[in-house]
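The values are calculated or read from the model by the stated rules, or taken from the named source; none is laboratory data. None of these values were measured; they are calculated from a predicted model. Don't worry about glycine lacking a Cβ; one is built from the backbone with ideal geometry, like all the others, and counts go over all protein chains shown. The accessibility values were calculated without ligands, DNA or RNA, using every heavy atom of the protein model including side chains. Shrake-Rupley method; radii C 1.70, N 1.55, O 1.52, S 1.80 Å.
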Amino acid sequence: MFVSLQADRLYERVRSVILPAEWSAFAGDIDAILALKRERNAVILAHNYQTPEIFHGVADIVGDSLALAREAMKTDADVIVVAGVHFMAETAKLLNPGRTVLIPDLRAGCSLAASITAADVRLLRQRWPGVPIVTYVNSSAAVKAESDICCTSGNARRIVESLGVPKVIMLPDEYLAQNIAAETGVEIITWAGHCEVHERFSAADVHQLRAGHPGIVVLAHPECPPEVVAEADFAGSTAAMADYVTRERPARVVLMTECSMSDNIAALNPDLEFVRPCNLCPHMKRITLPKIRRALETMRHEVTIDPAIAAAARRSVERMLAI
Ligand code: 13P
Ligand code: SF4
């Protein structure tokens, strides 16, 4: 059907979400990337928000931020290409200092990571002496270096409770912090950072979805405002939402999160109905097949971290992984 046998075989995985004509347009880049990976001894880590042609077509390791951080350490590849945003590539580099880590577009940022600087964290520490600082991995290495421990949306509650203290500072996602505070007895001091994708969902959206799609099961990411999480049937990280769908097999479901995520899960569950309000992350969408191909051809853009901050940032990530 397609020019390439490899792309032809891979099409089976995505046939419910990508049209044959679209896939034909992707086939050349997919073949070239698969060959370049072998040539460079490279692996591609892809976050759940990557488009299906990347997620199902060329990625070796897929998952949420926590899974990507853990799996990055297990690879014996010389080169790691991160199909995700800059903080994910920095985390991969922190955990793999001897490997070459590439990001296909240096502009793939994150509104949460951009909301806070290392100087802000130092001021917070002065303001709240002795209160541990838990920092979401959606942050720069410089911010991680000023923190006591990292967390992801998948382990935030466990990390906060593991500290055994009555009060913590949790940065930079205000809504994640508020959602975790609602689940624990720990007082949480927040920072006013927001994810530009998830902050757009509202409780009214959930009401409208329930009215328009009877019986729909609503899953929400904890970066959504607390009013959305309160209205949802389940809240969890991108991996937790994928696991929920696989386990519970809701006949009709909506994921209040970035919209490629629904495409990627729908491809694996063509018998379920996914209602898809589409909120795109412009940063995640900067990563494309042609840019991944170019990254492997030119070995750019290499992610480096100032050695003066790398050791402290790595310590915060490793403390999280140890819990
Ligand atoms: P998780 O995949 O860890 O749930 O994170 C979501 C996210 O917004 C990453 O940018
Ligand atoms: Fe950042 Fe939100 Fe985009 Fe994730 S979805 S990279 S948190 S802006």
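For Glu39 and Gln208, compute 0.36 nm times the residue count separating them, minus their Cα-Cα distance, and round to one decimal in nm.
Answer, rounded to one decimal: 55.8 nm.
Which one, Ala145, Ala156, Thr190, is farthest towards the positive end of the dipole of the stretch 109-191 when Lys and Arg carry +1 and Asp and Glu -1 on their Cβ?
Ala145
Please report the relative contact order for the chain, taking Cα pairs under 8 Å with a sequence separation of at least 6, and give it as a percent rounded to a whole number.
Relative CO of the chain lands at 22 percent.
What is the sum of charges around Gly57, taking Lys and Arg as +1, Asp and Glu as -1, for the other residues whose C-beta is under 15 Å from the C-beta of Gly57?
-2
Under a 1.4 angstrom probe, counting protein chains only, how are Glu22, Glu53 ranked by accessible area, largest first?
Glu22, Glu53
Using a 1.4 Å probe, what is the accessible area per residue for the chain, in Å²?
On a per-residue basis, the chain sits at 41 Å².
When the dipole is taken about the Cα centre of the stretch 131-274, and only Lys, Arg (+1) and Asp, Glu (-1) are charged at their Cβ, what size is it in debye, to the nearest 20?
Approximately 240 debye in magnitude.
Using the 2.2 N^0.38 Å rule of thumb for compact globular proteins, work out how the stretch 1-97 stacks up: its C-alpha Rg over that value, please.
1.11
Taking θ = phi - 60°, what integer Hz values does the Karplus form 6.51 cos²θ - 1.76 cosθ + 1.60 yield along the stretch 79-90, in sequence order, with x for Gly and Pro?
Running phi through 6.51 cos²θ - 1.76 cosθ + 1.60 with θ = phi - 60° gives 10, 10, 9, 9, 8, x, 10, 4, 5, 5, 5, 5 Hz.
On the protein heavy atoms, probe 1.4 angstrom, tell me the percent of accessible surface of the stretch 211-291 carried by carbon and sulfur.
The value for the stretch 211-291 is 54 percent carbon and sulfur by accessible area.
Under the rule of at least 5 residues apart or a separate chain, name every residue whose amide H is placed under 5 Å from the amide H of Arg252.
For Arg252, the qualifying residues are Val217, Glu273.
Determine the dipole magnitude for the chain: charges of +1 sit on the beta-carbon of Lys and Arg, -1 on that of Asp and Glu, nothing else is charged, the reference point is the Cα centre, and the result goes in debye to the nearest 20.
Once rounded to the nearest 20, the dipole reads 620 debye.
Per residue Cα convex hull volume for the stretch 61-113, in cubic angstrom?
So the per-residue Cα hull volume is 74 Å³.
Which values of log₁₀ I(q)/I(0), to two decimal places, follow from the Debye formula for the stretch 149-274 at q = 0.12, 0.17, 0.22 Å⁻¹ with a uniform point scatterer at every Cα?
-0.46, -0.86, -1.25
Using a simple spin-label model with points 7 Å from Cα along the Cα→Cβ vector, what separation in nm is obtained for Ala312 and Ala192?
Result: 2.6 nm between the two label points.
Please flag any cysteine in the chain that has no other cysteine's Cβ under 4.7 angstrom from its own Cβ.
If one checks each Cβ against the other cysteines of the chain, Cys110, Cys150, Cys151, Cys195, Cys224, Cys281 turn up with nothing under 4.7 Å.
What does the charge count around Ala240 come to, taking other residues whose C-beta lies under 14 Å from its C-beta (Lys +1, Arg +1, Asp -1, Glu -1)?
Value of the local net charge: -3.
Identify the trypsin sites (Lys or Arg not before Pro) of the stretch 66-164 meeting these criteria: DSSP loop state and at most 16 other C-beta atoms within 10 Å of the C-beta.
Sparse-neighbourhood loop trypsin sites (Lys or Arg not before Pro): Lys74, Arg107.
What does the charge add up to near Gly130, with Lys and Arg as +1, Asp and Glu as -1, over the other residues with Cβ less than 14 Å from its Cβ?
Neighbour charge sum, excluding Gly130 itself: +1.
Students sometimes get this wrong: rank His198, His213 by accessible area, probe 1.4 Å, all chains present, largest first.
Final ranking, largest accessible area leading: His213, His198.
Using the Cα centre of the stretch 24-179 as the reference point, and only Cβ charges (+1 on K/R, -1 on D/E), how large is the resulting charge dipole? Debye, rounded to the nearest 20.
540 debye
Tell me, what does the Kirkwood hydrodynamic radius of the chain come to in angstroms if you use every pair of distinct C-alpha atoms?
For the chain, the Kirkwood estimate is 20.3 Å.
Of the heavy-atom accessible surface of the stretch 39-198 (probe 1.4 angstrom), what whole percent is carbon and sulfur?
50 percent
Set Lys and Arg Cβ to +1 and Asp and Glu Cβ to -1, take the dipole of the stretch 44-108 about its Cα centre, and tell me which of Thr91, Gly57, Leu68 lies farthest positive.
The residue sitting farthest along the positive end of the dipole is Thr91.
In nm, what is the difference between 0.36 nm times the number of residues separating Ser162 and Ala230 and their Cα-Cα distance?
This chain segment gains 22.0 nm when fully extended.
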